[in-house]
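The values are calculated or read from the model by the stated rules, or taken from the named source; none is laboratory data. Everything numeric in this text was worked out from a predicted model, so none of it was measured. Note that each Cβ is placed from the backbone with ideal geometry, even for glycine, and that neighbours are counted across all protein chains shown. All accessible areas refer to the heavy atoms of the entire protein, side chains included, with ligands and DNA or RNA removed. Shrake-Rupley method; radii C 1.70, N 1.55, O 1.52, S 1.80 Å.
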Amino acid sequence: MYIAMHCLNANNILQDEICKFYGVHYDFMYKSCVISTDHQHHDFVIPMAEEDYKDFYQQFISALASDGGQIIEITKGNVFRCRKNEIRHGENQKCEVRRI
């Protein structure tokens, strides 16, 4: 399974990324969603409230369970491309997930 997203790098330049998707979890300390991929030196971080993460998580479950291609796409929000174990702060995001 792959994940496609529009990411902001350390210089705030928007990049399109497609990576092998490994998982997603919520970091309660930093109030952010962390997406794990095959990029060994980077994480993908989305600042969001816990309630928004619960909705985001349910969208992921639905997208993974639906018929379609092998790509999950994240839309409508900023995803920060960070070095491993780095957290970037920003406004809370309300992203959407779909399978393409």
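Observations on the structure shown:
For (1) open to solvent by less than 40 Å² (accessible area, probe 1.4 Å); (2) within 12 Å of the chain's Cα centre (by Cα); (3) modelled with pLDDT of 95 or more, each residue gets a yes or a no:
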residue	(1), (2), (3)
Ala49	yes, no, yes
Tyr53	yes, yes, yes
Ile61	no, no, no
Asp67	no, no, no
Gln70	no, no, no
Asn78	no, yes, no
Lys84	no, no, no
Gln93	yes, yes, no
Arg99	no, no, no
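- Residues within segment 6-31 that are outside any strand (DSSP E or B), surrounded by 12 or more Cβ atoms within 10 Å (Cβ to Cβ) and without any contact (Cβ under 8 Å) to a residue 12 or more places away in the chain, tallied: 0
- Within segment 18-30, being in contact with a His (Cβ under 9 Å, 6 or more places away or on another chain) and either β-branched (Val, Ile, Thr) or at pLDDT 95 or above (or both) holds for Cys19, Lys20.
- Condition met for Ser36 (without any contact (Cβ under 8 Å) to a residue 60 or more places away in the chain, among the hydroxyl-bearing types (Ser, Thr, Tyr) and open to solvent by 40 Å² or more (accessible area, probe 1.4 Å)): no
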